[in-house]
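Each remark here refers to the structure printed beneath this line.
Computed from the coordinates by the stated procedures, all read-outs in this text should not be read as laboratory data. What you see is a predicted model, and the numbers here were worked out from it, not measured in a lab. Neighbour counts run over all protein chains shown; Cβ positions are idealised from the backbone, glycine included.
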Amino acid sequence: MTTFTPTPQKPWRASKRERGFDFAILLGGFLASYLLVALTPMKGKLAYFALFFISYALLAALLKGLTRGSAAAKDALVSSLVVVGAVVTVIPIGSILLTVLQKGLPGISFGLFTHDMALATPTDPLSNGGLLHAITGTLTLVALALIMSVPIGILTALYLTEIKGRFTGPIRFLVQAMSGVPSIVAGLFILSAVLYPITKAYSGLMGALSLTILMIPTIARTSEEVLNLIPNELREAGTALGGTQWRTVAMIVLPAAKSGLITAIILGVARIAGETAPILLLTGGGDKVNPNAFNGPMGSLPYYIWKSFNAGSPEAITRAWAGLLVLLGIVLILFTSARFLGTRKISR
Amino acid sequence: MSTPNLVIPSPREITTEPRRSDKVFRGVVTGGGLSSLLILGLIAVFLGYRGFEVLRQEGFGFIMNSDWSITTDDAGNVVESHFGLAAMLVGTILCSLVAVVIAVPISIFSALFLNFYSPNWLKKLLIAIIDMMAAFPSILFGIWGFLVLMPSVEYWAKLIHRYLGFIPIFDMQVPVFTRSPFVAGVVLAIMIIPIITSVSREVFAQAPLDRIQAAYALGATRWAMIKAVVIPYGRSGVIGGAMLGLGRAMGETVAVFTVLNIVFQVNWHMLLGAGGNVASLIILKFGDASPYEIKALMAAGLVLFLLTLVVNASANFIVKRTGKSGR
Amino acid sequence: MTTSHESEKATMDTAVKPSSLAQVANSQAAKTPSASAEGTGLETRGIHAWFGKHHALADINLNFAAGTVTALIGPSGCGKSTFIRTMNRMHEFIPGAAMAGEVLLDGKDVYAAGTDVTKIRLKIGMVFQKPNPFPSMTIGENVLSGLKLAQLKVDNKDDLLQECLERAGLWSEVKDRLGAHGGSLSGGQQQRLCIARSLAVRPKVLLMDEPCSALDPGSTLRIEDTIRHLSETMTIVIVTHNMQQAARVSDYTAFFLSDGGPGQMIEVAPTSEIFSRPKDERTENYVTGRFG
């Protein structure tokens, strides 16, 4: 009916004038923090940071208060506070990533991935030895833990979503409780229940067992969320076609949830790949590549990092940072792929 | 009005006899589901069994005393032993309380920022980053905390001591600021901020939209709306999230061990470089422990297990109650 | 009383005849702007609204004179709710929302740069489809919550409390239990509580977004009574799906329609005219129940 359509506008966005004010307050905050640091005995990065935020928040609140009253002043104050909260949350992440990159990169070389530490000590020059044994060890531990925890984790999730039996409530509660078990306790448990009475020797398997305990709740909880997203009509369709529950779950529910379940498994791996405490108690931490997880001490990235860090010499510390960089890289790759799969699952 | 001779039949009983494959399926799945019960039960049983001897010998002294010493003769037989966890328990509680007190306000503010202040693209990015941080290995926090964070935190501790020293917990006799419970608390705070932030964020996001709109329609500013609607709704969820963080902080081992100086003496002065921690004690003493001392460590593990179990269970209970209080 | 009887009969008729509706509307003479309401009312000029790329509303020009009740009718999805939400600036909470045009309250554009949006929402109150009292507050606190939210000072809170509850027609039912929680009331009482809550900040305009759609017929009639009383002192815009309701409570009626494109305002006239002699064929089809 109308021939003329105006362009969409967003008049609630800050106008140029308001943005100008914001910028002026920002400048005022910088200026105030600079002056206060110069004129008073306070000094250091912390002082700049704190004074800047305090003066910014006060200036913003003052301005709003003068133009719009006390409610607006409080609102402005809280707006500054929540930004501080977000910034303080993110700063450590930035600092950690930067430090690991900065200190770890010098220790990264090709030889690192082709040698183990059988003929080198942590304090040797960086050209000697590498972390091949640690990477293979970590991979072995993770693979073993996967073999044990994936069936149990997914069965638990299936019980919570498909069977919904008498124990649903208690089991959900226990899985939550299990996710809070300290890793050192998991380590002590395997020590007391398996290592001392049965095998009587350190091995990769012992470490993997403790990692399994830590991994089950992560997999079970994430899988439960994923399986709950599968619409009930699918299950009913399967049952109505005369399928047994077992066939319905195996042929309809699980395939439909596949990418979500993979996400759950990856998140579980990311959770345990860097676990240190139980590894220190159970694996014995060898220095050379040990392909047999059932016999003999087994190295791993966390153990390698721990040992190098405690050796204390500059070379050893660099080794530790390089190990951290590799470990962090693995965790981040796992985490990003889990997220990627996770978003794909939702978009479909 | 009812017809006198109307016979109301009793409901028929419907029985289903599942096929054998389904019986097997249900059996296997139920078995898998019960594994968590089995594992948790076994943890308590085995740690209790191994630690029984020490627990019986020490009695309540195990959590009331602070001595940790063992004397053996040349043959390796135990001559005399004292095991007491008091200093370690106090230290664990002190470190995790420091962590929670620091982390909770920061987490609430950042959760509010994510839900109600941040533009959408930034929200997505920050959520990804914060979730990622929750997956960082704890040894990374430990080493970063020791080498990068500790110098700054020591400086903050000195400031706190200078200006707030009159408060007993900030007071200290010997000015040793390195490797104090405060430092460990700050590292733990950084570790649990992502956990508390994501729990709070999810709870806040469930705050009912109609009430939020009602508040805005009454002329509320954003903060007035949050105070009137979001906080009352999310209060118990945030408390639960904080307790989840507390449980995590209590059980953390490696990160604390790297930055904390362990001393077998009860110390409530959080800035003083002498603390205790049950989990770190286990790592510290495990390497060269005699079989009898290992039993004491098992008993310590049992205490830690029960402590975190109680904290986590109540946390989950409280999180589940979210929204019920505000209805 | 005839009004409600007539309307109940009308509700029972499955095929509503335009004549019966016109009777209802005529029984209540279309009001001229009342002198007791403050200000000059609300006016919209060329309002458009978008959700992202979706053009939801096109070129709405309406004048709500002070002290009148205007009903917005039309089928679902024609942009009525979007329109009233642009007037008190609730539209902008939806991500991707955009708008064009002007909303003039007493001659001043509520979207003008530098306007304090919270002040606008104080002057233009809103009642929602579903009753939404704050559950953590008592009945009394709910009524006065607007004052607390906007940090307004008031000399005698008890008088204001009683006045608002009386105007909302709830006072006699709750005066003995002002300390009870809002959730303890019935749905209709909760909705009147929400109306009382909106009144406490003394708005000039009250927007009502299908305020009775979640209520039973008895509660609906009580709210309609309340609306008629309120219109003596303020301007009211009510969105409704119920044509009988429009006929019963409003002085003016505007008919909105979307033909697949953005929602448009087809016709506005005194309510009796809309239901007896609609100018547009589409309006006639809608009010006679031939579609929608």
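Below is a table of values for the structure above.
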| quantity | calculated |
| --- | --- |
| Karplus-derived HN-Hα couplings along segment A:22-34 (A = 6.51, B = -1.76, C = 1.60, θ = phi - 60°), whole Hz, x at Gly and Pro | 4, 5, 4, 5, 4, 4, x, x, 4, 4, 4, 5, 4 |
| Debye, to nearest 20: dipole size of segment B:1-154, +1 on Lys, Arg Cβ, -1 on Asp, Glu Cβ | 1140 debye |
| Estimated translational D of segment A:132-347 in µm²/s (Stokes, Kirkwood radius over Cα pairs; 20 °C; 1.002 mPa s) | 116 µm²/s |
| Shielding by other protein chains, A:276-286, mean Cβ within 10 Å | 4 |
| Equivalent-ellipsoid semi-axes of segment C:222-292, from the Cα gyration tensor, Å, largest first | 23, 13, 11 |
| C:LYS153-C:LYS53 pseudo-label distance in nm [points 7 Å out on the Cα-to-Cβ vector] | 5.4 nm |
| Ordering of A:150-160, A:220-230 by packing [mean C-beta count within 10 Å, highest first] | A:150-160, A:220-230 |
| Sequence ranges A:232-241, A:95-104, B:240-249, ranked by mean other-Cβ count within 10 angstrom, highest first | B:240-249, A:95-104, A:232-241 |
| Ordering of B:103-110, B:165-172 by burial proxy (mean other Cβ atoms within 10 Å per residue, highest first) | B:103-110, B:165-172 |
| B:ILE160 versus A:VAL87: modelled label distance in nm, points set 7 Å from Cα along the beta carbon direction | 2.1 nm |
| For residues of B:50-60, the mean tally of beta carbons on other chains within 10 Å | 1 |
| Near-label residues of segment C:96-131 by backbone N, under 17 Å of a point 7 Å along Cα→Cβ of A:SER15 | C:99-105, C:107-121 |
| DSSP-assigned coil residues among GluC sites (Glu not before Pro) in segment C:193-275, each with at most 16 further Cβ atoms within 10 Å | C:GLU232 |
| Residue-by-residue Karplus 3J(HN,Hα) for segment A:304-310, coefficients 6.51, -1.76, 1.60, Hz, glycine and proline x | 4, 4, 4, 5, 5, 4, 6 |
| Cα gyration tensor, segment A:18-106 - rounded (a/c under 1.5), prolate or oblate | prolate |
| Rg over Rh [alpha-carbon atoms, Kirkwood Rh] for segment B:244-327 | 1.10 |
| Phi-based couplings in Hz for segment C:52-64 (Karplus 6.51, -1.76, 1.60; Gly and Pro marked x) | x, 7, 6, 8, 8, 8, 10, 6, 9, 10, 9, 10, 9 |
| Two-decimal log10 I(q)/I(0) for the protein assembly as shown, as the Debye equation yields it once each C-alpha is a single scatterer, q = 0.07 Å⁻¹ | -0.76 |
| Neighbour cut-off at most 11 other Cβ (10 Å), DSSP loop, trypsin sites (Lys or Arg not before Pro), segment C:102-187 | C:LYS153 |
| Built amide H within the under 5 Å cut-off of C:PHE256, gap 5+ | C:ILE73, C:GLY74, C:ILE266 |
| Average other protein chain Cβ within 10 Å of Cβ, residues A:319-330 | 2 |
| Of B:LYS123/C:LYS204; C:LYS108/C:LYS279; B:LYS227/C:LYS153; A:LYS200/B:LYS285, pairs whose Cα-Cα distance is over 29 Å | B:LYS123/C:LYS204; C:LYS108/C:LYS279 |
| Other-chain or far-sequence residues with amide H under 5 Å of C:ALA269's (modelled H) | C:THR253 |
| Residues whose placed amide H lies under 5 Å from that of C:ALA56, excluding near-sequence neighbours | C:ALA49, C:TRP50, C:PHE51 |
